[in-house]
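Trainee: Shown below is the structure under consideration.
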Amino acid sequence: VGGSGSVLENVASLVSETVVEITTEYVTTGSFQYITSGAGSGVIFSEDGYIVTNNHVVENSDTGNIADTIKVRLSDGTEYTAEVVGRDSDMDIAVLKIDASGLKCAVFGDSSSLVVGQTVLAVGNPLGTLGGTNTSGIISALDREITVEGTVMTLMQFDAAINPGNSGGGLFNMKGELVGVVNAKSSGSGIEGLGFAIPSNNALHVIEQIIEFGYVTGKPFIGVSLYECSDSYTAYRYFG
């Protein structure tokens, strides 16, 4: 295959069509109506249009609601409106569906076979404007407990450069197999090279459940909702 440079070139060429750009819009209605935009990345799961991304890419963190509009742009520039099939906040995975066929989909690899120091390629849409960006690095650690959007997760750590907008993108090994779904970056003054991804084995289980059932089975829940009451008028209005 040649040197490491040529291997990376081959992998980038092999996987480039399997990663997509995602843009979202949230409509807020009050005294005035305004629209908030967001962006992220996704990975094509199946040739008939199932797309994997992060839950936090398509969820409004303030309200917990799904974006009002979700657009998926393929590597060739074709754009589709996407629907949310299901999502799981604990694993930070969401599955979208677009009306397409014959797509090139990612091949899932075995994340349990990864070792520290192994070369990986991250592909995504940094800053929401640079779709198809490839960055390379190594696996830095395999089992890091990281808090993402208030949820503690066990993630892989890698040092390929990523930025806002990379969330939901792919982390590939040198066989061109998807070994992780990028979902977090540590940021701050002087912090560089701290990226995190959901291992592909963990993600695959959630994805398959969502596609089959629309949600992840086996999770108990309480059918109640909470409302914060901070004044007597609101208390009287809602509770008499």
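Trainee: For an R0 of 30 angstrom, estimate the FRET efficiency from the Cβ-Cβ distance between residue 213 and residue 104 and round to the nearest 0.05.
Mentor: Working: r = 26 Å, r/R0 = 0.88.
It comes to 0.70.
Trainee: Against the empirical 2.2 N^0.38 Å scaling, what ratio does the C-alpha Rg of the chain come to? All intermediate terms of the calculation are to be shown ahead of the outcome.
Mentor: Details: Rg = 19.0 Å, N = 240, 2.2 N^0.38 = 17.7 Å.
Expressed relative to 2.2 N^0.38 Å, the Cα Rg reads 1.08.
Trainee: Also: From the phi angles alone, apply the Karplus equation (6.51, -1.76, 1.60; θ = phi - 60°) to segment 16-24 and give each ³J(HN,Hα) in whole Hz, x where the residue is Gly or Pro.
Mentor: 4, 6, 8, 10, 10, 9, 10, 10, 10
Trainee: Within the chain, which is the longest segment that contains none of the GluC sites (Glu not before Pro) sitting in a DSSP loop with at most 16 other Cβ atoms within 10 Å?
Mentor: On the way: sites that count: 47, 149, 192, 228.
Longest site-free region, per DSSP loop and neighbour criteria: 48-148.
Trainee: Which whole-number value in Å² is the accessible area per residue of segment 49-167, probe 1.4 Å?
Mentor: That works out to 46 Å² for each residue.
Trainee: Something else about it: HN-Hα J couplings of segment 89-96 from phi, Karplus 6.51/-1.76/1.60, θ = phi - 60°, integer Hz, Gly and Pro as x?
Mentor: Each residue's phi maps through the Karplus curve to give 6, 5, 9, 6, 10, 10, 10, 10 Hz.
Trainee: On to the next question. Rounded to the nearest percent, how much of the accessible area of the chain (1.4 Å probe, protein heavy atoms only) is carbon and sulfur?
Mentor: Values: 6200 of 12630 Å².
Carbon and sulfur atoms account for 49 percent of the accessible area of the chain.
Trainee: Hey, for a label at residue 62 modelled as a point 7 Å past Cα toward Cβ, could you say which residues of segment 19-37 have their backbone N under 12 Å away?
Mentor: Only 26-37 pass the distance filter.
Trainee: Given R₀ = 41 Å, FRET efficiency for residue 152-residue 6 by Cβ-Cβ distance, to 0.05? Could you put the intermediate results ahead of the total?
Mentor: Working: r = 40 Å, r/R0 = 0.97.
Here the calculated transfer efficiency is 0.55.
The values are calculated or read from the model by the stated rules, or taken from the named source; none is laboratory data. For clarity, every value in this text was computed on a predicted model and none was experimentally measured. We place every Cβ from the backbone using ideal geometry, glycine too, and count neighbours over all the protein chains shown. Note: accessible area is taken over every heavy atom of the protein model, side chains too, but ligands, DNA and RNA are not part of it. Shrake-Rupley method; radii C 1.70, N 1.55, O 1.52, S 1.80 Å.
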